[in-house]
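Take a look at the structure below.
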Amino acid sequence: MKAALVWNDELLSYDFGEGHPLRSERCKWGVEEISKIEGLDVIPPRYASEDEIALVHTNEYIEMVRKGLAGDLDTPVSPSLFNPARLSVGATLKGIDLLREGYSLAINVCGGWHHAFENKARGFCIFNDVAIGAKYAQKKGFPKIFIIDWDVHHGDGTQRIFKKDNSVFTMSIHQHPSTQYPYFSGYERENDPTNLNVPILPSEDEQEIMKKVLPLIPRFVEPFKPNLMIVQMGVDGYKGDPMSGIDLSERFYDAVSKTVSRCAKNNDFPVILLGGGGFNFPKTAQLWALIVENFMMEM
């Protein structure tokens, strides 16, 4: 299989500064681990155009980001972050271009910004590259997109953007929102024919979690018949992560990534992996590398 890591050091500019949990070093450490895997082409990103960002975000909001008028205490957006945010989205779009060109797997560790709304920066996320990537992929000849997200936080922005779009299936496995950000979104009651939330309570045993979660993946992917899958591979549900309350181990990430990659192989669609959350180092980098290696071995 052909697999590509979309990266150069310019992506390190997506950084909220000293004292903020989201520092760009996390991506560099992830790339260092992933680069140890043989068979990966390393390809530089490109900047997303404003028209591409406007596939999801309003023009008014894009202008607010440019001027540094968007954001909040959790997501402090200054004018200096406009181009880094465009580059981060562009790395995802470059990965989709590569899938269109015949690659089976693409990776952008500086991506997975699933909290951003069409008109609002939230949860460390400025532009929602997950949603922009899905819309862009459809323009490039992938009409049906399956998004699976196993970050510890619910993919609320992505769910909101595609709530009335039956050409995109959104599946999110996350800590129960009654105990975790974003609190108001991610409940099972929001499920519909193309949206599946799988909330996990902190009290649940990991073995029971896997018994519940793993069979759902082929059960929902196969009937949907996607042309492309976007994976938000956040690992902040890991037991040592400061963001986690569900204490998942390496076993979970190993099992879920193998299940999804086999599903991709069996149903013959390409995959792009986006970094998402992860704030425990060096474990975040090691888990990302495990996930990437599983996809390369199983697909």
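Read the figures in this text as sums done on the coordinates, not as results from a lab. Since we're looking at a predicted model, the values are computed, not measured. Every residue, glycine among them, receives a Cβ derived from its backbone with ideal geometry; neighbour counts consider all protein chains shown.
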Summed residue charge, Cβ within 15 Å of PRO177's Cβ, Lys/Arg positive, Asp/Glu negative: -4
Region 66-94-region 254-295 distance, computed between alpha-carbon centres (Å): 25
Theoretical gain in end-to-end length, GLU101 to GLU250 [0.36 nm per residue, Cα-Cα removed]: 50.4 nm
Calculated FRET efficiency for the pair ASP268/GLU50, C-beta based, R₀ 22 Å, to 0.05: 0.05
Label-to-label distance, nm, for residues given as SER80 and GLN207 (7 Å Cα→Cβ offset): 5.1
Trypsin sites (Lys or Arg not before Pro) within region 28-88: DSSP coil, no more than 11 neighbouring Cβ in 10 Å: LYS36
Volume per residue of the C-alpha convex hull in region 68-176, rounded to whole Å³: 104
Relative exposure of ARG122, ARG251, ARG160, judged by other C-beta atoms within 10 Å (fewest first): ARG251, ARG160, ARG122
J(HN,Hα) series, region 76-90, from Karplus relation 6.51 cos²θ - 1.76 cosθ + 1.60, nearest Hz, glycine and proline x: x, 9, 9, x, 5, 9, 4, 5, x, 5, 4, 5, 4, 5, x
Estimated inter-spin distance, LYS140 and LYS283, nm [label 7 Å along Cα→Cβ]: 3.4
Likely footprinting exposure, VAL89, VAL260, fewest C-beta neighbours within 10 Å first: VAL260, VAL89
DSSP beta bridge pairing in region 3-298, given as percent antiparallel to the nearest 5: 10
Residues listed by number, region 68-101, amide nitrogen under 16 Å from SER24 label point at 7 Å toward C-beta: 76-92
Likely footprinting exposure, TYR14, TYR253, fewest C-beta neighbours within 10 Å first: TYR253, TYR14
Set LYS144/LYS211; LYS28/LYS283; LYS120/LYS212; LYS2/LYS163; LYS120/LYS163 screened for pairs whose C-alpha atoms are more than 22 Å apart: LYS144/LYS211; LYS120/LYS212; LYS2/LYS163
√(5λ) per eigenvalue of the Cα gyration tensor, region 141-297, largest first, Å: 22, 19, 14
Among PRO270, PRO242, PRO84: highest mean-square fluctuation, GNM of the chain, C-alpha pairs under 10 Å: PRO242
Option label - Kirkwood radius over Cα pairs in Å computed here, alternatives [x] 20.0; [y] 18.6; [z] 19.3: [y]
